[in-house]
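All remarks here apply to the structure that follows.
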Amino acid sequence: MKKIILAIGILSLINVAVLHFLSHQNLAQYTVSVILVLYAIIYERIPRKIHAAAGGICLIPVAVAVFLAVYGNSFNVDYTEDVVIVLGAGLHQGEPGVHLTARLDTAIAYLNQNTDAIVIVCGGLGARQSITEAESMKLYLTARNVPPERVIMEKRSTSTYENLVFAREILDRRFPNGFRAVLVTNDFHVYRAASIAKRAGINVTPLGAPTPWFTLAANYLRETAAVTRMWIF
């Protein structure tokens, strides 16, 4: 067991280094990785009861992560919805990053099957960026043959909640008699995003985009903490 814990900790630290190189900071994963390595180093000095307690505690975030993965990959779209809402994510030098690219590709696949639907891309101006997330997202979509008239931009938001509140304001004007919406975000984020959509007053059908494999640990760890906070507070 000691070797397994040590191996997991070291591999996680390597993953943190790779993500840092790609400009994805993750203090939570780094902290957990260091704890695992230190735990393995002093493994023999730790009483058996502590090992048992630690194992039980670790099962909780694992269970939450499994729930998020299952929820985020359960799709119920019927391709008759009116609009696709794509939540914003970070840009890299003005271009969609890996997570946002996955969301946009998922939206494109949906739009190709439902040619009557429009898409609203959400996201304002991020730090050290010269273009809003929404503008970058529209450029990505139109470069891949999505007609510009099918793309609406929401360029003010700085959070998921604002993404959805401001999108609702635009869509309420566009669809005064109501609308059916598909919500696109990465699979790890689907559960919390759908919950936030309810708070924002939008009924959505979630559609999860795949998460790049090398970011799975970081994203599910961070999202597990975020969902736990949401449940508690």
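We did not get these values from a lab; they are worked out from the coordinates using the rules stated. Treat the numbers as computed from the prediction; the structure is a model and nothing was measured. Because the Cβ atoms are built from the backbone with ideal geometry, glycine has one as well, and the counts that use them run over all protein chains shown.
Can you bin the range 83-213 into rounded, prolate or oblate? Criterion: square roots of the alpha carbon gyration tensor eigenvalues sorted a ≥ b ≥ c, rounded for a/c under 1.5, prolate for a/b above b/c, oblate for the rest.
Here the range 83-213 falls in the rounded category.
Which of the listed residues, TRP213, ILE46, PHE67, is farthest toward the dipole's positive end in the chain, when Lys, Arg count +1 and Asp, Glu count -1 at the beta-carbon?
ILE46
Can you give me the span-like helices of the chain, meaning DSSP H runs with 27 Å or more of Cα extent along the axis and Kyte-Doolittle mean at or above 1.0?
Within the chain the helices that satisfy the rule are 2-21, 48-72.
For VAL182, what residues show an amide H to amide H distance below 5 Å, using hydrogens built from the backbone and excluding near sequence neighbours?
VAL83, VAL84, ILE85, THR205
Determine the shape class of the range 112-183: with a ≥ b ≥ c the square roots of the Cα gyration tensor eigenvalues, call it rounded for a/c under 1.5, and otherwise prolate if a/b is greater than b/c, oblate otherwise. Numbers along the way, then the final one.
Values: a/c = 2.39, a/b = 1.17, b/c = 2.03.
Oblate shape, in that a/c is at least 1.5 and b/c is the bigger or equal ratio.
For the range 117-126, take each phi angle, set θ = phi - 60°, evaluate the Karplus expression 6.51 cos²θ - 1.76 cosθ + 1.60, and give the result in whole Hz per residue in order, putting x for glycine and proline.
7, 9, 10, 10, 9, 10, x, x, 8, x
For the chain, what is the relative contact order in percent, using Cα pairs closer than 8 Å and at least 6 residues apart in sequence?
Across the chain, relative contact order equals 23 percent.
Kirkwood Rh over Cα pairs of the range 145-233 into Stokes-Einstein at 37 °C, 0.692 mPa s: D in µm²/s?
Taking Rh from Cα pairs, D becomes 226 µm²/s.
Counting only DSSP beta bridges with both residues in the chain, tell me the antiparallel percent, nearest 5.
Counting only bridges with both partners in the chain, antiparallel ones make up about 10 percent.
Would you mind ranking HIS99, HIS189, HIS51 by Cβ crowding within 10 Å, fewest neighbours first? All intermediate terms of the calculation are to be shown ahead of the outcome.
Values: HIS99 22, HIS189 27, HIS51 13.
Exposure proxy ranking, most exposed first: HIS51, HIS99, HIS189.
Checking the cross-link filter: which aspartates and glutamates have an alpha carbon closer than 19 Å to that of LYS3, excluding same-chain neighbours under 8 positions apart?
Within the straight-line cut-off, LYS3 pairs with GLU44.
Quick check on the range 2-72: take the gyration tensor over C-alpha atoms, sort the square-rooted eigenvalues as a ≥ b ≥ c, and tell me if it's rounded (a/c under 1.5), prolate or oblate.
oblate
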